[in-house]
Amino acid sequence: MSTLLDTHPLEKILENPQKDFHSVRAMGKDAFLKQGLPSAKAEEYKFTNLTKKLSQNFDSFEIAADFELTEEQVNHAIFEGFDGYRLVFANGYFHDGLSSKIEGLTISKLEESSLPLGSIAKAEKDPFAALNQASFEGGAQIALAKNTQIDKPILILNFINPSNGNLIQPRIWFETGDFGEATFIEQQIQLEAGDYFLNEVKEIKGGRNSHIHWYRIQNEGKDAISMSNIETDIQQDATFTSVNISLSGHMVRNNLSLNLLGSNSEGNMYGLYLTNGNTHVDNHTNVDHTIPHAESNELYKGVLTDNSRGVFNGKIFVRQDAQKTNAFQQNNNILLSENATVNTKPQLEIWADDVKCSHGCTTGQLDEEALFYLQARGIGKDKAKGLLLYAFAGEVLENIKDDSFKAYCINLIQERLGTNLS
Amino acid sequence: MSKDNEILEEFTTKEYEHGWSVNYEADEAPIGLNEDIIKWISAKKEEPQWLLNWRLKAFDTFKKMTEPEWANVHYPKIDLQKLRYYSAPKQGKKPKTLDEVDPELLQIYERLGINLNEQKRLQGIAVDAVLDSVSVATTFKETLSKLGIVFCSFSEAVKEHPELVKKYLGSVVPITDNYYAALNSAVFSDGSFCYIPKGVRCPMELSTYFRINAANTGQFERTLIVAEDESYVSYLEGCTAPQRDENQLHAAVVEIYAATNAEVKYSTVQNWFPGDKNGKGGIYNFVTKRGLCAGDHSKISWTQVETGSAVTWKYPSCVLKGDYSVGEFYSVAVTNNYQQADTGTKMIHIGKNTKSRIVSKGISAGKSQNSYRGQVQVMKRAHNSRNFSQCDSLLMGDRCGAHTFPYIDINNPTAKVEHEATTSKIGEDQIFYCNQRGIDTEDAVALIVNGYAKEVLNQLPMEFAVEAQKLLALTLEGSVG
């Protein structure tokens with residue numbers, strides 16, 4: 001194997017044999033060893049050198065262990081105004097006792113299931129997905145019964161305590177029956193300060209005519225290195241909508257892949273990254289149009305200040321059979337400081353002829369005239385800036401259909417922009 | 001519909017019209033690539049020692065490099081050792097005027113429709129004709145030299161203006177730039193050299209015409225254009241090659257240097273042999289083209305119409321170093337049958353208030369693959385820089401592909417960068433709109449396609465625009481219904 005891998009602390013993780021999912025883990029290990037950790041030259045990790053960052057920040061890794069949580073801790077962590085169900089995890093391990101019982105939804109620990117793990121989020125596509133597949137701990141299977149619509153949002157809270165191990169590798173398998181509908185809100189709660197590497201994988205399988213809303217907010221500590229792989233299969237007449245909001249972290253990488261597998265299916269991806277300090281946020285999205293008559297929409301927006309860096313790589317892949325595809329993608333960035341950087345690569349790969357695909361991408365700053373307009377009406381410059389930025393971000397937030405979560409995000413964003421209007 | 005298919009059929013089965021070759025006695029280097037060959041070429045061209053050293057240094061660099069694989073093209077590799085690096089038509093001695101040039105060679109160009117006989121021309125375009133490895137004739141030399149303009153073959157420039165060549169050679173594309181640029185630097189045989197002195201506006205279009213004739217030969221020409229302060233030049237380049245079953249390599253380097261207030265316009269109609277309809281043969285076109293806007297307020301504009309070559313790998317770029325400098329890139333790339341094109345541009349904003357504009361129109365038909373790959377980079381010091389990019393793709397037929405890989409790297413908050421891209425086939429609503437107004441489908445398609453490429457074709461000088469429109473028309477008409 002490469003010398004990099006031999007000396008890298010992550011490599012040692014693979015030495016410990018795991019108890020369950022022998023063949024799945026073996027496949028993950030093979031895929032990881034085959035790919036190796038991405039080097040600085042690897043196209044997919046060109047601007048996000050996780051390999052280097054991990055070896056700089058960590059001498060060794062220890063797989064995180066489960067820990068006890070109290071009802072108070074959980075109640076305290078839930079954001080204000082939330083009305084819905086909750087699923088509680090600690091370092092990726094599911095806590096049944098603290099979680100809501102939801103009619104139509106069955107949740108079990110992964111180790112009790114015999115799922116084809118890795119069949120949606122394939123290990124050979126990404127080395128970190130492979131690493132998770134080889135060495136995940138805990139995790140859960142969530143299944144939504146056929147014809148069931150969950151009336152309220154489901155909050156997935158993952159509590160993180162780095163003192164119980166600095167390598168946290170949660171894994172979730174979510175599956176809906178036909179005509180199922182559910183909204184998930186996902187959040188990490190860090191209990192104690194400390195460096196950690198979060199390497200999550202989520203595999204999502206939508207049934208026919210199912211509607212899944214998946215919201216994520218990343219507002220972790222300044223030390224957090226976070227890697228996420230979400231991959232979803234979308235069947236006929238189904239929709240999947242993702243809203244991802246990144247507000248902090250040390251280095252954040254989100255891989256989001258949608259596979260449109262049935263006609264009239266729809267995939268929507270929305271993202272917002274507001275970064276400051278030295279935060280580095282990288283969003284890689286991939287839409288795979290495999291069949292005719294499907295649609296995908298994508299909008300990612302970024303506001304970057306201080307020394308932060310935003311990376312966006314959006315790929316629309318339209319296969320030969322995928323005629324009548326509509327695929328739209330947009331990425332807009334505002335740079336507010338000298339040292340902020342944006343690297344964006346909106347990609348189209350199209351093999352079918354009867355399609356409508358477009359992408360647009362802009363980078364710039366606030367409109368001077370709009371600023372002047374507001375100032376002329378007695379609004380101070382800082383506040384006017386904040387207002388404009390908030391309006392810029394608003395286009396993404398509009399896609400959050402749950403009011404309490406939307407209000408919570410708006411609050412956090414206004415606090416950041418210094419324009420608390422209430 | 002059936003008529004559309006007929007026309008499409010007619011085009012796709014159409015043979016490459018420049019596919020003939022001519023037998024002439026040639027002066028050739030032995031096959032293979034090594035230091036001795038480089039010394040042989042250098043000696044053949046009676047080059048000074050510094051140039052030979054420069055070549056050998058490039059060869060050293062080349063040996064340490066590996067062939068790039070990142071491009072979205074797939075092709076059987078070329079064995080560089082099996083190529084011939086120098087092939088020249090045999091001539092007694094260097095001709096002084098056109099009358100002394102072998103009439104057989106002139107006939108080659110006559111057949112291509114390039115008239116080297118300057119008297120016959122009403123409207124002047126100065127042509128430098130390059131056959132395989134050497135320049136055979138340059139027209140209008142005297143008219144140009146009265147203005148102080150130097151326009152000649154590269155080897156002549158090395159002999160007559162060594163100080164200029166020495167100063168600018170490799171200053172825009174260094175030998176370490178990339179694999180093919182290094183190879184070119186080591187083995188380049190000829191090309192064109194153009195120098196526009198301070199304050200001169202070149203009164204006519206300068207043009208180079210490249211032709212590969214010999215088999216098993218790679219063509220490695222080098223073009224160097226230097227525009228001094230407040231000068232202007234418009235430069236054209238055209239190319240064809242005979243139809244052969246094996247793939248041939250064309251690895252050229254074009255360097256443009258623009259000083260303060262200078263403007264250079266470079267237009268290409270590339271029509272190398274694209275291979276037959278089964279994808280056999282054709283030219284590998286691996287070209288490095290770069291312009292340096294060194295002075296303030298300078299401007300470099302690239303316009304290209306790419307219709308030929310089996311595999312194209314070409315990114316004409318602008319380095320915007322001077323403040324207020326401007327870079328432009330206009331491209332129409334058409335691929336058909338099994339052609340593959342990975343083309344685009346790089347705009348590197350270094351100076352303040354620099355501007356760039358990219359308009360790329362890709363058209364893919366048959367089983368071809370057409371990729372746009374571009375980079376817009378704004379450096380930390382490039383305050384108030386501005387970029388606008390538009391890359392559209394048109395797909396015809398369900399076995400072809402269109403791909404877009406734009407890289408946008410921004411390090412300055414005052415930069416304004418826009419990029420947009422669309423991919424579609426010709427809209428039925430557009431055709432319907434025309435039909436409704438009494439324009440039949442056939443004409444409507446022609447109208448829409450013309451409009452689609454117009455933004456780029458408008459940038460071409462008249463003579464080239466006509467040629468380009470003819471090339472496009474053949475490819476496009478009737479292929480969408």
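Coordinate-derived values only; no laboratory data. Just so it is clear, the model here is predicted, and its values are computed rather than measured. With ideal geometry, Cβ positions are generated from the backbone for all residues, glycine too; neighbour counts draw on all protein chains shown.
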For this session: Apply the Karplus parameterisation 6.51 cos²θ - 1.76 cosθ + 1.60, with θ equal to phi minus 60°, to every residue of the stretch A:399-410 and state each ³J(HN,Hα) to the nearest whole Hz, in sequence, with x for glycine and proline.
Result: 7, 7, 8, 8, 5, 5, 5, 4, 4, 4, 5, 4
Seminar exercise, completed: Under the 7 Å Cα-to-Cβ spin-label approximation, A:Ser337 and A:Lys356 lie apart by a distance in nanometres of 4.2
For this session: Grab the Cα-Cα distance for A:Lys401 and A:Glu368, subtract it from 0.36 nm times how many residues apart they are, and report the gain in nm with one decimal.
Result: 8.6 nm
Exercise. Fully extended, how many nm does the chain gain between B:Glu428 and B:Glu142 (0.36 nm per residue separation, minus their Cα-Cα distance)?
Worked result: 97.5 nm
For this session: Counting other beta carbons within 10 Å of each Cβ, put A:Met251, B:Met65, A:Met27 in order, fewest first.
Result: B:Met65, A:Met27, A:Met251
Problem set entry | Distant-in-sequence amide H partners of B:Val254 (H built 1.01 Å from N, under 5 Å) | B:Thr223, B:Thr288, B:Lys289, B:Arg290
Exercise. Taking θ as phi - 60°, what are the ³J(HN,Hα) couplings along the stretch A:255-263 by the Karplus curve (6.51, -1.76, 1.60), each to the nearest whole Hz, with x for Gly and Pro?
Worked result: 9, 10, 10, 10, 10, 8, 10, x, 5
Problem set entry | Under 5 Å, built H, 5+ apart or other chain: amide partners of A:His280 | A:Met251, A:Val252, A:Arg309
Seminar exercise, completed: The simple spin-label model distance between B:Asp440 and A:Glu43, using points 7 Å out along Cα→Cβ, in nm, is 4.5
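Work out the length of the dipole vector of the stretch A:3-368 about its Cα centre, built from +1 on the beta-carbon of each Lys and Arg and -1 on the beta-carbon of each Asp and Glu, and round it to the nearest 20 debye.
In total the dipole reaches around 700 debye.
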Seminar exercise, completed: Going fewest to most other Cβ atoms within 10 Å around each Cβ, A:Leu371, B:Leu292 line up as A:Leu371, B:Leu292
Seminar exercise, completed: FRET efficiency for B:Lys44 and A:Ala376 from the Cβ-Cβ distance with R0 = 60 Å, rounded to 0.05, comes out at 0.20
Problem set entry | Spacing of the two label points (7 Å from each Cα toward its C-beta) at A:Ser263 and B:Thr176, in nm | 5.8
For this session: Would you mind telling me the antiparallel percentage of the DSSP bridges in chain A, rounded to 5?
Result: 5
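Just to confirm the filter: which GluC sites (Glu not before Pro) across the stretch B:237-346 are DSSP coil and have at most 14 other Cβ within 10 angstrom of their Cβ?
Answer in residue order: B:Glu246.
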Exercise. Between their Cα atoms, which of B:Lys352/B:Lys380; B:Lys159/B:Lys289; A:Lys301/A:Lys406 are more than 18 Å away from each other?
Worked result: B:Lys159/B:Lys289
Exercise. What FRET efficiency, computed as 1/(1 + (r/R0)^6) with R0 = 60 Å and r the Cβ-Cβ distance, is obtained for A:Asn75 and B:Asp398, rounded to the nearest 0.05?
Worked result: 0.55
Problem set entry | Cα-Cα pairs of the protein assembly as shown separated by more than 48 Å (percent) | 31
For this session: Jot down the radius of gyration and Dmax of chain A, Cα atoms only, both in angstrom.
Result: 21.0, 68
For this session: Using the Karplus curve 6.51 cos²θ - 1.76 cosθ + 1.60 with θ = phi - 60°, work out ³J(HN,Hα) for each residue of the stretch B:162-167 in order, rounded to whole Hz, and write x for Gly and Pro.
Result: x, 5, 5, 4, 4, 5
Problem set entry | Neighbourhood net charge (10 Å Cβ-Cβ; Lys/Arg +1, Asp/Glu -1) for B:Asp392 | -1
Exercise. Going down the list B:Lys64/B:Lys367; A:Lys345/B:Lys416; B:Lys39/B:Lys265, which pairs span over 25 Å between their C-alpha atoms?
Worked result: B:Lys64/B:Lys367; B:Lys39/B:Lys265
Seminar exercise, completed: Once the in-chain neighbours fewer than 8 apart are removed, the lysines whose Cα is under 16 Å from A:Lys202 read A:Lys109, A:Lys122, A:Lys125
